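Asker: I'd like to ask you about the structure that follows.
The values are calculated or read from the model by the stated rules, or taken from the named source; none is laboratory data. Bear in mind the structure is a predicted one, so any value in this text is a computation, not a measurement. FYI the Cβ positions are ideal-geometry reconstructions off the backbone, even for glycines, and counts take in every protein chain you see. We work out accessible area using only protein heavy atoms, side chains counted, and drop any ligands, DNA or RNA first. Shrake-Rupley method; radii C 1.70, N 1.55, O 1.52, S 1.80 Å.
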Amino acid sequence: MTVRVDVTRARDWPGRVAGLLAERFARNPRAVVCLPTGSTPLPVYARLPVELAARGASAGGATIVLLDEYVGLPAGHPGRCDATLRRVLVDRLDPPPARFIAFDVDAAAGDGSSIARAFDAAVASAGGLDLVVLGLGANGHVGLNEPGTPADAGTRVVDLAETTRTAAIGYGADPPPRRGATLGMAGILGAAEVWLLAAGAHKAAILGAALDGPATPAVPASLLRTHPRLRVLADDAARPGRSGPDQPA
Ligand code: PGA
């Protein structure tokens, strides 16, 4: 299968991705869109309100679904993914999205499987995922689907890789949690459309492995290549020498 790879100059990349996202909300005002935290999408989220306004669109009818969450941090902790996505995007959208679905990791009786079941039920009741947007982890993970995750892995609570725990400290999750809840590979691959974001030279090697190496659970992002509507949105530092958007939208 040919993967659609859209490479944009680094300075144009946030506007390119935000513009495509705004277009999805313009085309489908009730879209159900799963979004990541992490540093990659930050400039995209900062730009999104402008791109929505430019199209006379809003996310006011949309459902935003959080891709993953740390387990073990108290509610309201600024390093939690739910608090982060609210801060960097959801609370900046005017009007706010109709619905924000996150993992209820605070439920008193919430063992891993009940957290996953409640999340999947909420997504199903919203109508299923129209689009999943993913950052590319330095170890090849997507969401918290760490190396070794097979394509049929469902929504679940997982043990975090050491590199993921180290990265969590940088996102304010300190002390770093040992576990996390994540949309599984099966849920990602079951979405109508999947976008993989990669920006910066530090992502070039792992993006190369994901796109050009074998499709293997050792690099979970490589498993995305089986999706018929995968789109890779990279800047020219993460995908050097391959400049140029594939198609306008
Ligand atoms: P980053 O993280 O966007 O901060 O590079 C991506 C990830 O680990 O999923």
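Asker: Could you please give the count of residues in the stretch 2-48 that are farther than 15 Å from Leu136 by Cβ, open to solvent by 10 Å² or more (accessible area, probe 1.4 Å) and out of contact with any Lys or Arg (no Cβ under 6 Å at 6 or more places or on another chain)?
Answerer: So the answer is 15.
Yes or no, residue by residue, for (1) among the aromatic types (Phe, Trp, Tyr); (2) within 14 Å of the chain's Cα centre (by Cα); (3) modelled with pLDDT under 95; (4) within 16 Å of the ligand (Cβ to nearest atom):
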| site | (1), (2), (3), (4) |
| --- | --- |
| Phe25 | yes, no, no, no |
| Ala31 | no, no, no, no |
| Cys34 | no, yes, no, yes |
| Pro41 | no, yes, no, yes |
| Ala54 | no, no, no, no |
| Ala59 | no, no, no, no |
| Glu69 | no, yes, no, yes |
| Cys81 | no, yes, no, yes |
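Asker: Still on this structure, please answer the following. Whether any residue in the stretch 55-71 is open to solvent by 20 Å² or more (accessible area, probe 1.4 Å) and within 26 Å of Pro175 (Cα to Cα) is what I want to check.
Answerer: yes
Asker: Out of all the residues in the stretch 161-192, which are more than 13 Å from the ligand (Cβ to nearest atom) and within 15 Å of the chain's Cα centre (by Cα)?
Answerer: Ala181, Gly184, Met185, Ala186, Gly187, Leu189, Gly190, Ala191, Ala192, listed by residue number.
Asker: Residues that are in contact with a Leu (Cβ under 9 Å, 6 or more places away or on another chain), crowded, with 22+ Cβ neighbours inside 10 Å and touching a residue at least 12 places away in the same chain (Cβ under 8 Å): find the strands (runs of 3 or more DSSP E) completely inside the stretch 138-249 holding 3 or more of those.
Answerer: Fully inside the stretch 138-249 and qualifying: 179-182, 193-198, 230-235.
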